[in-house]
Amino acid sequence: MAIPEAQLSTWTAQGSVQQSAATYQTIRTALNDSQSPYYPKNFEIFLQGSYGNDTNIYADSDVDVVIRLDSVYYSDTSHLSADDKTNYDRNFTKADYSLAKFKEEVGAWLLSKVGKSVKPGNKAIFVPGSGNRRDADVLPCALHRAYYTYPASGAPAMWEGVVFWTGEGTKIVNYPKQHSENCTKKHQATGNRLKPAVRMFKNMRNKMIEEGFLQKGVAPSYYLEGLLTNAPDYCFSGSLQETFNQCMNSLRQAERDKLMCANGIHFLVRDGQQVCWSVANFTAFMAAVQKFWDDGGKRKGLWL
């Protein structure tokens, strides 16, 4: 028993846009103040997450803001040949400023500009909403370069992303700009149907949790976006019911270990990696969402 088309259509709606945009602008202005101690450094401020990718739903609350230190970069040279590694080492110079210092200064500055309610978290700095401003998570991070060639002459080839360390000391490298760019390309290639489909799946996920089909935390939005970018473009056609079935049929038939995150760099499903969906949680979601669909989307009563 499929979920009614009208309900699916409701689930494709985008959440607050103006309020999130205003929140981002307020946070950006505070971070970009020329009086801040880190202002002389090179850094970039940008959105990531649901608001940055236009996949936010009404239940989303936080606006995710990245402030990336570019004066300092951290490197991964594990993909380089011995000769290329020698070339890299020849050009390497140690920085006199650190991500830890940058994070400290950003946190102190936000505390002075926004107030005592600002709280550092395990990954990001939490800035609670006030008035028309929504809650925001500010992630201080640094530029990360994963080199795959480093010739003696000419420009090296690399993936540029972000790096930060959690409160427990776990290093995390990710590629939010590639994630956003690839989602936009996929959205355009599907006739602007990818992002509404992501919002539909996110709302389904929330309803699944409410109705007891799925445990909270099993299917973060980041992985749902990545999952749907693996469905072929033709799956995003016809009715929303057809879109769901076509995507699910394709993804069930795909080789799980070859699925990629939306950034196109990390694998989507791997155990023991901070940026990948665990096998158990991926499997649990795929089974639960099909059960949810087959049961008509609700254990109790009817939608309409």
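The values are calculated or read from the model by the stated rules, or taken from the named source; none is laboratory data. None of the values given here were measured: they were computed from a predicted structure. All Cβ positions, even for glycine, are placed from backbone atoms using ideal geometry, and neighbour counts span all protein chains on display. Keep in mind that these areas ignore ligands, DNA and RNA; they rest on the heavy atoms of the full protein, side chains included. Shrake-Rupley method; radii C 1.70, N 1.55, O 1.52, S 1.80 Å.
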Any trypsin sites (Lys or Arg not before Pro) in region 68-154 that lie in a DSSP loop and have at most 11 other Cβ atoms within 10 Å would be K94, K116
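Working out 0.36 nm times the residue gap between W165 and A21, then minus their Cα-Cα distance, what length gain in nm do you get to one decimal?
My answer for the length gained is 49.1 nm.
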Reachable aspartates and glutamates from K123, Cα under 12 Å, same-chain residues fewer than 8 places away excluded? D64, D137, E168
Averaged per residue, what accessible surface does the chain expose to a 1.4 Å probe, in Å²? 48 Å²
Which of the GluC sites (Glu not before Pro) found in region 90-183 are in a DSSP loop and have at most 12 neighbouring Cβ atoms, other than their own, within 10 Å? E168
For K85, the lysines lying under 27 Å Cα to Cα, once residues fewer than eight places off in the same chain are dropped, come out as K94, K171, K177
N192 versus N91: modelled label distance in nm, points set 7 Å from Cα along the beta carbon direction: 4.2 nm
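Can you give the extra length, in nm with one decimal, that the chain gains between D294 and E44 once fully stretched, where that is 0.36 nm per residue apart less the Cα-Cα distance?
Details: separation 250, 0.36 × 250 = 90.00 nm, distance 4.58 nm.
Length gained, D294 through E44: 85.4 nm.
Carbon-plus-sulfur fraction of the accessible area of region 1-80, 1.4 Å probe, in percent? Display every interim value, and only then the final one.
Working: 1690 of 3720 Å².
Summing carbon and sulfur atoms, their accessible area is 45 percent of the total for region 1-80.
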Within the accessible area of region 133-258, what % is carbon and sulfur when the probe is 1.4 Å and the other protein chains stay in place? 47 percent
Within straight cross-link reach of K291, meaning Cα distance under 29 Å, which lysines are found once same-chain residues fewer than 8 apart are removed? K186, K195, K202, K207, K216, K258, K300
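For the chain, what does -39500 (n - 2.57) per DSSP helix run (n ≥ 4), summed and divided by total residues, give at 222 nm, in deg cm²/dmol to the nearest 500? Intermediate values should be presented prior to the final figure.
Numbers: 10 runs with 121 residues, N = 304.
Taken over the chain, the calculation gives -12500 deg cm²/dmol.
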From the coordinates shown, semi-axes √(5λ) of the Cα gyration tensor in Å corresponds to which of [x] 37, 24, 19; [y] 36, 26, 16; [z] 28, 26, 18: [y]
